[in-house]
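The values are calculated or read from the model by the stated rules, or taken from the named source; none is laboratory data. Given the structure is predicted, the values throughout are model-derived calculations rather than measurements. Cβ placement follows ideal geometry from the backbone for every residue including glycine, while neighbour counts extend to all protein chains displayed. Protein only, heavy atoms only, side chains kept; ligands, DNA and RNA dropped before computing areas. Shrake-Rupley method; radii C 1.70, N 1.55, O 1.52, S 1.80 Å.
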Amino acid sequence: MEYYRRVAASAALNIHLFETVLEIIKKDKAFEVNTSLNKYAASNIIIATGFYDIPYLLNVEGEQLPKVAHYYKDPHFYAFQKVLVVGASNSAVDAALETYRKGAQVTMVVRGEEIGKRVKYWVRPDIINRIEEGSIKAYFNSTVAAIREKEVDIKTPTGIVTIANDWVIALTGYQPDLPFLKKLGIELSNDEILKPTYSEETYETNIPGIYLAGVICGGMNTHRLFIENSREHAVKVVENIVGKK
């Protein structure tokens, strides 16, 4: 994030933050982009929304309480509090370690039998050691059964365990906003992947002038593309736009 912030600053990119795109309307050879704050005109649109738009929900009683978060930001906020982290991938492990080191009493609920294999290789030993020494309590092969104001019920292999709790950080994964693409008229594949339609050479979708870039190109297969192997998308998109001119 620090690297990309510096790129944006050095290139003086025209960035509008905290502004949601509500609709994109095709008008002759251009587009009208209506957002939560403004209206814009554009000759081309590049959609690079990644896959963090929609969190996978726990679908349990109490998930709607204000104490439950599906995105993690500041570890200091949770200092001296009883925190439950749900998940065992990179974001969940980071949240558990960082909040623990800022003074939180951390418990993890992991659906599988161990910390995820995809966790960063320099971080995975850290979380495993913290669990083994008892600094962070972890329930494996377990799920959250119910959430209340000051307690959480955990379904474990040996039965329901109830623990005291102030905050729940549920980092169980996310999915791209494919309904938004469909609303624009971008065609999706007729299978569980829901891969958007676009040219592998130009990354232009079935709607002329609208392009895709990054993880969103993979549809629900969010592990196929990442920073290292999707950098070429931008080059191909820009080359195609410039070539048209």
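Being within 26 Å of the chain's Cα centre (by Cα) and not in a strand (DSSP E or B) is the filter here, so list the residues in the stretch 128-148 that pass it.
The answer is Ile128, Arg130, Ile131, Ile136, Phe140, Asn141, Ser142, Arg148.
Can you name the residue in the stretch 19-67 that is in a loop (DSSP other than H, G, I, E, B), acidic (Asp, Glu) and under 29 Å from Ala170 (Cβ atoms) and, of all such residues, is modelled with the lowest pLDDT?
Among them, the one singled out is Asp53.
Please go through the stretch 87-127 and pick out each residue that is open to solvent by less than 10 Å² (accessible area, probe 1.4 Å) and in a strand (DSSP E or B).
Once the filter is applied, which keeps residues that are open to solvent by less than 10 Å² (accessible area, probe 1.4 Å) and in a strand (DSSP E or B), the stretch 87-127 yields Val106, Met108, Val109.
I want to confirm something. Restricting to the stretch 198-232 and keeping residues that are closer than 22 Å to Lys244 by Cα and among the polar types (S, T, N, Q), which single residue is least open to solvent (accessible area, probe 1.4 Å)?
Among those that are closer than 22 Å to Lys244 by Cα and among the polar types (S, T, N, Q), it is Thr205.
Could you check the stretch 206-245 and list, in sequence order, the residues that are of a type outside the set (A, V, I, L, M, F, W, C), free of Cβ contacts under 8 Å to residues at least 60 places away in the same chain and under 20 Å from Ala30 (Cα atoms)?
Asn206, Pro208, Glu239, Asn240, Gly243, Lys244, Lys245
Any idea which of Tyr40, Tyr52 is free of Cβ contacts under 8 Å to residues at least 12 places away in the same chain and in contact with a strand residue (DSSP E or B) (Cβ under 6 Å, 6 or more places away or on another chain)?
Tyr40
If you go through the stretch 66-103 one residue at a time, how many are free of Cβ contacts under 8 Å to residues at least 60 places away in the same chain, more than 17 Å from Ile128 (Cα to Cα) and in contact with a helix residue (DSSP H, G or I) (Cβ under 7 Å, 6 or more places away or on another chain)?
Count: 2.
Conditions: (1) in contact with a helix residue (DSSP H, G or I) (Cβ under 6 Å, 6 or more places away or on another chain); (2) open to solvent by less than 70 Å² (accessible area, probe 1.4 Å). Gly185 meets all but one. Number of the miss?
(1)
For the stretch 158-182, how many residues are assigned to a strand (DSSP E or B), open to solvent by 40 Å² or more (accessible area, probe 1.4 Å) and of a type in the set (Ser, Thr, Tyr)?
Residues meeting the conditions: 1.
Residues being within 24 Å of the chain's Cα centre (by Cα) and open to solvent by 30 Å² or more (accessible area, probe 1.4 Å): count how many of those fall in the stretch 25-54.
Final tally of qualifying residues: 9.
Conditions: (1) touching a residue at least 60 places away in the same chain (Cβ under 8 Å); (2) among the basic types (Lys, Arg); (3) surrounded by 14 or more Cβ atoms within 10 Å (Cβ to Cβ). Lys155 meets all but one. Number of the miss?
(1)
Given the condition more than 24 Å from the chain's Cα centre (by Cα), within 15 Å of Gly87 (Cβ to Cβ) and among the aliphatic types (A, V, I, L, M), answer yes or no: does some residue in the stretch 112-127 qualify?
no
Looking at (1) farther than 27 Å from Asn221 by Cβ; (2) exposed (fewer than 12 other Cβ atoms within 10 Å of the Cβ), which is the one condition that is false for Asn59?
(1)
For the stretch 121-152, how many residues meet the condition of being in contact (Cβ under 8 Å) with a residue 12 or more places away in the chain and within 14 Å of Ala96 (Cβ to Cβ)?
Total meeting the criteria: 13.
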